[in-house]
1. What is the number of the single condition among (1) part of a strand (DSSP E or B); (2) without any contact (Cβ under 8 Å) to a residue 12 or more places away in the chain; (3) under 23 Å from Asp36 (Cβ atoms) that Trp119 does not meet?
2. Could you check how many residues of segment 216-247 are farther than 21 Å from Ser291 by Cβ and either open to solvent by 30 Å² or more (accessible area, probe 1.4 Å) or of a type in the set (S, T, N, Q) (or both)?
3. Quick one: which strands (runs of 3 or more DSSP E) lie wholly within segment 307-402 and hold at least 1 residues that are surrounded by 15 or more Cβ atoms within 10 Å (Cβ to Cβ) and small (Gly, Ala, Ser)?
4. Read through the list (1) crowded, with 21+ Cβ neighbours inside 10 Å; (2) touching a Leu at 6+ places or on another chain (Cβ under 8 Å), then give the number of the only condition that Thr174 fails.
5. For segment 95-112, enumerate the residues that are outside any strand (DSSP E or B) and open to solvent by less than 20 Å² (accessible area, probe 1.4 Å).
6. Could you count how many residues in segment 208-227 are part of a loop (DSSP other than H, G, I, E, B), among the polar types (S, T, N, Q) and closer than 17 Å to Met253 by Cβ?
7. Please specify each residue of segment 179-199 satisfying the condition of being touching a Lys or Arg at 6+ places or on another chain (Cβ under 8 Å) and either part of a strand (DSSP E or B) or open to solvent by 20 Å² or more (accessible area, probe 1.4 Å) (or both).
8. Give the residues of segment 45-73 that are closer than 25 Å to Glu90 by Cβ, small (Gly, Ala, Ser) and in a loop (DSSP other than H, G, I, E, B), sorted by residue number.
Amino acid sequence: MAGNGEIQWCFSQVKGTLDDDVSEADIISCVEFNHDGDLLATGDKGGRVVIFQRDPSSKNCHPRRGEYNVYSTFQSHEPEFDYLKSLEIEEKINKIRWLKRKNPAHFLLSTNDKTIKLWKVSERDKRAEGYNLRDESGQIRDPTSLTSLRVPVLKPMELMVEASPRRIFANAHTYHINSISINSDQETYLSADDLRINLWHMEVTDQSFNIVDIKPTNMEELTEVITAAEFHPHDCNVFVYSSSKGTIRLCDMRQAALCDSHSKLFEEPEDPTNRSFFSEIISSISDVKFSNSGRYMISRDYLSVKVWDLHMETKPIETYPVHEYLRSKLCSLYENDCIFDKFECCWSGNDSAIMTGSYNNFFRMFDRTSKRDVTLEASRETAKPRFLLKPRKVCTAGKRKKDEISVDCLDFNKKILHTAWHPHENIIAVAATNNLYIFQDKF
């Protein structure tokens, strides 16, 4: 897998209607490939999970293509009402995480603000026929009328994909859940809200262990909140969590049952020349992800993506500006609340490239080897078979060139917050409002 400096990305598919009229419930709120990349799950604000499956012919043809078809759609969460606090609990899916496959079925965790569910997704292509106590229409027979016994047989039927909730993990979070992360042991997982992180066992729904609690005794002394948390991909005792103050804390569960005191603190000293009224808001980390190798991690703040080496806490080893041209626009972004948007980031399968979203349906890619970066666009104009994505440029001042777009013309309602990269191939999924765009390297 090459880094994105050498990759030419082309359009593969778009899912969802391309109408201008978008219903709030259809807006995609998370995107996640499973461990072999054959399944791709999206969650939306309406509480639905849609799973796409890689088309086997597109996987086996040469060159390989990244084409996905709808595999299963189910309602994961419903809107609820908390009568004690007089609060509505949205059905919006905040995160989806796949478990590694152990048998023919697939398992995933999905969460809204309060409740996490473990779903089993399985296939059925046979059904039992020839029961003794029921006739063919399903009516119960009188046992006294039976003169002989039949052995039921399995007959082939049209393939059915069923999704059933196997576990429901509820009532453990006072605040809104922002992250779930499955441990490398595949038996436990963590869930994080604004002030606490809980550790769960997959088999136990009525009990979780509180492993981080940053809630002050007096809430007036609250200075920061937890924004994201993730387990290390290989070391089952290590996890990190990021904060609204721009810090990342690495904790080791072998040290203490309650990980309030961290093992490492990753923080970049603030540049006094860039200090402004918005400094604290834009330094808040919206996402943190370990590299697949487990040696590095990336953090996304409002204007940049930073790469950290787990062996060096003092400063990031790489910093990539995502949309530096917005620094002069922070005042209007504060007024329209865009400054609080939570952009996610992701690694390529071999950790050589990083992807994250921006405004105007732009998304950014950074090649760590060549240090090249590119801005691409997920739009209807690109939705043509094998259409090669052209790099986009944003012009800040002076004369605008033909292919450039002025920073004043950017549409801040069109934002790419959620992206995912196939674990082994150059296939990416980009969520643009209610559409899921799938791009792949040129074939």
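1. So the condition that Trp119 fails would be (2).
2. 11
3. On the way: elements: 318-321, 345-347, 353-357, 362-367, 373-377, 393-395.
By residue number, 353-357.
4. Evaluating Thr174 over (1) crowded, with 21+ Cβ neighbours inside 10 Å; (2) touching a Leu at 6+ places or on another chain (Cβ under 8 Å) leaves (1) as the failure.
5. Taking segment 95-112 first, the residues outside any strand (DSSP E or B) are 99-105, 112.
Correct list: Ala105, Asn112.
6. Here is the first cut: in segment 208-227, the ones part of a loop (DSSP other than H, G, I, E, B) are 208, 214-218, 222-225.
Those still in the list that are among the polar types (S, T, N, Q) too: 208, 217-218, 223.
Keeping just the survivors that are closer than 17 Å to Met253 by Cβ gives 208.
Of the residues in that region, 1 qualify.
7. Filtering segment 179-199 for residues touching a Lys or Arg at 6+ places or on another chain (Cβ under 8 Å) gives 179-182, 186, 189, 195-196.
Matches in segment 179-199: Ser179, Ile180, Ser181, Ile182, Gln186, Tyr189, Arg196.
8. The first filter runs over segment 45-73 and keeps only residues closer than 25 Å to Glu90 by Cβ, leaving 45-52, 70, 72-73.
Retained after the next criterion (residues that are small (Gly, Ala, Ser)): 46-47, 72.
Across segment 45-73, the qualifying residues are Gly46, Gly47.
The values are calculated or read from the model by the stated rules, or taken from the named source; none is laboratory data. These numbers were taken from a predicted model, which means no experiment stands behind them. Note: ideal-geometry Cβ built from the backbone for every residue, glycine included; neighbour counts use all protein chains shown. Surface accessibility is based on the protein's heavy atoms, side chains included, excluding ligands, DNA and RNA. Shrake-Rupley method; radii C 1.70, N 1.55, O 1.52, S 1.80 Å.
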